[in-house]
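J.: Below you will find the structure I want to go over with you.
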Amino acid sequence: GGGYTLRGTKSLVPMGQQAELFVIAAKLDGLPRLFVVDAKTRGLRGKAEPAMGLSAAATTQLVLDRVKPDDSHLLGSTENYAECIALSRLAWCALATGCGQAMLEHVIPYANERKAFGEPISHRQAVAFMIAAMAVEREGWRLATWRAAAKSERGESFVREAAIARELASSKAMKIGNDGPQVLGGHGFTKEYPVERWYRDLRAAGLIEGVVLV
């Protein structure tokens, strides 16, 4: 009847209380579409929604109560929606890659310097093999992320490649997040070291922006 009305709730929106614009996904005539909405639009409100990790992202619950965007705020087509979702998943893959790299750069010198029974714990095969597996897994999903990003930048179809990177980042990031604190033992459970934070942040890779199980 002239114009659009948006209703709904979205959880875990990064920087939701600081953002000036939101790209909102909504169903229009049975198909997913995108709207750009100003944060000051009437009916749009957000509240802090602290999570297990991602504290730096200041996650927010966003509520849309009869928000009425202008006709000009409808973006692109259904194909643009699919591309936007693929790009956002790819961004999470890149974030997880950096976090996994940080984990590696911390546990490697720790394992070389930490001594038990008169020698560095890295001399123990169980520890060395675990760290080596972390490096291999992180490298795999980093290359998959680069491949998808390169195809996107060239204007080629990259949805398949983004899905592969997303699956790798989800499963391998959570494994690295779990193995990193394991290398540190009890220290990995304390806030004295940053690995417990990276454990919580990497867990988000399997939950945010498209749950792999769905």
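J.: Run ILE121 past the list (1) crowded, with 19+ Cβ neighbours inside 10 Å; (2) within 23 Å of ARG200 (Cα to Cα); (3) over 20 Å from the mean Cα position of the chain (by Cα) and report the number of the one that doesn't hold.
T.: (2)
J.: From the set of residues in region 21-41 that are among the charged types (D, E, K, R) and touching a strand residue (DSSP E or B) at 6+ places or on another chain (Cβ under 7 Å), which is nearest to GLN61 (Cα to Cα)?
T.: If we take residues in region 21-41 being among the charged types (D, E, K, R) and touching a strand residue (DSSP E or B) at 6+ places or on another chain (Cβ under 7 Å), then ASP38 is nearest to GLN61 (Cα to Cα).
J.: Of all residues in region 9-30, which are open to solvent by 90 Å² or more (accessible area, probe 1.4 Å) and among the hydrophobic types (A, V, I, L, M, F, W, C)?
T.: Within region 9-30, just LEU21 meets the criteria.
J.: Looking only at region 33-74, count how many residues are out of contact with any Pro (no Cβ under 8 Å at 6 or more places or on another chain), open to solvent by less than 80 Å² (accessible area, probe 1.4 Å) and within 13 Å of LEU6 (Cβ to Cβ).
T.: Residues meeting the conditions: 13.
J.: Which pairs do you get when a residue that is hydrophobic (A, V, I, L, M, F, W, C), found in region 150-168, comes within reach of a residue that is part of a loop (DSSP other than H, G, I, E, B), reach meaning Cβ atoms under 6 angstrom, with the pair 6+ apart or on two chains?
T.: Here the result reads none, with nothing in region 150-168 linked to a residue that is part of a loop (DSSP other than H, G, I, E, B).
Yes or no, residue by residue, for (1) at positive phi; (2) among the β-branched types (Val, Ile, Thr):
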| residue | (1), (2) |
| --- | --- |
| ALA86 | no, no |
| VAL107 | no, yes |
| GLU113 | no, no |
| GLY118 | yes, no |
| HIS123 | no, no |
| ALA128 | no, no |
| GLY140 | no, no |
| VAL183 | no, yes |
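J.: While we're on this one: What are the residues in region 19-34 that are assigned to a strand (DSSP E or B) and in contact (Cβ under 8 Å) with a residue 12 or more places away in the chain, if any?
T.: LEU21, PHE22, VAL23, ILE24, ALA25, ALA26, LEU28, LEU31, PRO32, ARG33, LEU34
J.: In addition: Which one of these is in contact (Cβ under 8 Å) with a residue 12 or more places away in the chain and either within 15 Å of the chain's Cα centre (by Cα) or open to solvent by 30 Å² or more (accessible area, probe 1.4 Å) (or both): ALA126, ALA86, ALA111, ALA132?
T.: Numbers: ALA126 fails: in contact (Cβ under 8 Å) with a residue 12 or more places away in the chain; ALA111 fails: either within 15 Å of the chain's Cα centre (by Cα) or open to solvent by 30 Å² or more (accessible area, probe 1.4 Å) (or both); ALA132 fails: in contact (Cβ under 8 Å) with a residue 12 or more places away in the chain.
Testing whether each residue is in contact (Cβ under 8 Å) with a residue 12 or more places away in the chain and either within 15 Å of the chain's Cα centre (by Cα) or open to solvent by 30 Å² or more (accessible area, probe 1.4 Å) (or both) leaves just ALA86.
J.: Could I ask something else about it? Does any residue of region 179-187 turn out to be of a type in the set (D, E, K, R) and over 24 Å from VAL23 (Cβ atoms)?
T.: Initially, region 179-187 is screened for residues of a type in the set (D, E, K, R), giving 179.
Filter once more, keeping what is over 24 Å from VAL23 (Cβ atoms): 179.
Within region 179-187 (the criterion being of a type in the set (D, E, K, R) and over 24 Å from VAL23 (Cβ atoms)), the answer is yes, since at least one residue qualifies.
The values are calculated or read from the model by the stated rules, or taken from the named source; none is laboratory data. Treat the numbers as computed from the prediction; the structure is a model and nothing was measured. For neighbour counting, all protein chains shown are included, and Cβ atoms are generated from backbone atoms with ideal geometry for every residue, glycine included. Heads up: the accessible areas ignore ligands, DNA and RNA and are worked out on the full protein's heavy atoms, side chains in. Shrake-Rupley method; radii C 1.70, N 1.55, O 1.52, S 1.80 Å.
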